Structures are given as structure tokens and as C-alpha cells.
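> Structure incoming, see below.
The values are calculated or read from the model by the stated rules, or taken from the named source; none is laboratory data. Worth saying up front: this structure is predicted, and the values here are computed from it rather than measured. Heads up, the Cβs are rebuilt from the backbone with ideal geometry, glycines too, and the neighbour counts pull from every protein chain shown. In case anyone asks, the SASA skips ligands and DNA or RNA and just uses the protein heavy atoms, side chains included. Shrake-Rupley method; radii C 1.70, N 1.55, O 1.52, S 1.80 Å.
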Amino acid sequence: KQEVTQIPAALSVPEGENLVLNCSFTDSAIYNLQWFRQDPGKGLTSLLLIQSSQREQTSGRLNASLDKSSGRSTLYIAASQPGDSATYLCVPNTDKLIFGTGTRLQVFP
Amino acid sequence: SAVISQKPSRDICQRGTSLTIQCQVDSQVTMMFWYRQQPGQSLTLIATANQGSEATYESGFVIDKFPISRPNLTFSTLTVSNMSPEDSSIYLCSVGENLSTDTQYFGPGTRLTVL
């Protein structure tokens, strides 16, 4: 059974800092892994999708890496901004999406 | 990409009643998914709804409690029946044409409070 752990559970930083959000999962037989952000009162917004054959994906200030064999993924956020404040979810996909409880990020001015 | 809308966005309901949540997608999709997020918890898959077939429910979820309709390729409904306070959650629908390769898109969610 797939289990997802995200560290840290919560993070509060001043804007401008470079951030590292860590994710580990127990079942490495994944098709892909997706990073989402969830804002209060809104749904989930897809940030990056990494296929199982890929090592990383980049979109703007975001970079996600995947080490499938060790069951780890990392999301890097460069030059954080207050608008980045949200809960970030790492979601490995076997034949269904498995969610952890995420990392709650607060970036203050 | 897919744009998904849900109705209602939120509701407060009395114990014992039922609520039907609608999910509308701006393009035709084969697979639609319904999730529940209880307060402080992660998302849990309720069921997968494919057009033209009965929904497939995950362990712990039953059709009598969460009947689902999928009348066409752009629309689905989830009913939460005979509600209790434990059903207070955010309910989200999601779509993705190919679960093994494609980005999954989520609706904004329906926040349900049961008194």
C-alpha cells in the first residue's frame, strides 16, 4: 500500500528564500509523480508532472526532482514570494493518486 | 488542460438529508474521479466514474451512501446520502484522460458542513 510522507509538515519563511520540500513514498512502482498546490477554498492546482522515466521537471521558479528507486521527490522553490503561500502536495501515481497531508507553506513579506 | 466547475461551492445541511454535487468539465473526458478531504486530512478517492458504466468504489465507500451518475462525457454528480456530521468534508472531482501519463485536473471543491 502506497504511503506518502512530506517533510516538513509546515514551513514559515521570509520572502526571497529558496525552499526545499521533501517527499517520500513507499511504493516505487509509479507511473508518474505530480506536485500540486492547494489554496484554502480552492481546488488543487497542478504544478509539475514528472514521468517515471524522468529525473526532473522545471516550471519557472519551481523545480521538481524524482528518484524513483529510492522513493523520493523534492520540490525546489526559488526566490519565494508571499503568493507561494499554500499547501503543497506530492502525489505519486500507481494506478491511482495517493495523497499525503502535504507541506503547509507560509511566506511572509 | 481541463477547466472544471463544481456546484454548489459550499453548503450547510441538516443531518439525515442528502446533497447532490455537480461536476462540469469544459471538454470531453473518459475518466472522472470523486475525492473526499475530511478536515485536516489528505484527499481520499471515493470512486471512479466512467461514462456508460457503473462507478467503481474504493474500499470503505458504498453506492448506497455515495451514488454517482455519469450521463455524458462532460458531467457527473455525486450524492451524499443520509448525511451525518462525519460527512462534513470538501468533495472534489477530478479528470485526466490517461491516469498513467497525463496531468490530473481538479475542480474547486464543494465544502459541505453537516449539522
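> Limited to segment A:15-50, what total is found for residues that are open to solvent by less than 50 Å² (accessible area, probe 1.4 Å), part of a strand (DSSP E or B) and either among the hydrophobic types (A, V, I, L, M, F, W, C) or away from chain B (no Cβ under 14 Å) (or both)?
The total comes to 13.
> Another one. What number of residues within segment A:78-109 satisfy the criterion of being more than 8 Å from every other protein chain (Cβ to nearest Cβ), open to solvent by 10 Å² or more (accessible area, probe 1.4 Å) and within 21 Å of A:Phe25 (Cβ to Cβ)?
4
> Could you say whether any residue in segment B:92-107 is of a type in the set (Asp, Glu) and within 14 Å of another protein chain (Cβ to nearest Cβ)?
Looking through segment B:92-107, at least one residue is of a type in the set (Asp, Glu) and within 14 Å of another protein chain (Cβ to nearest Cβ).
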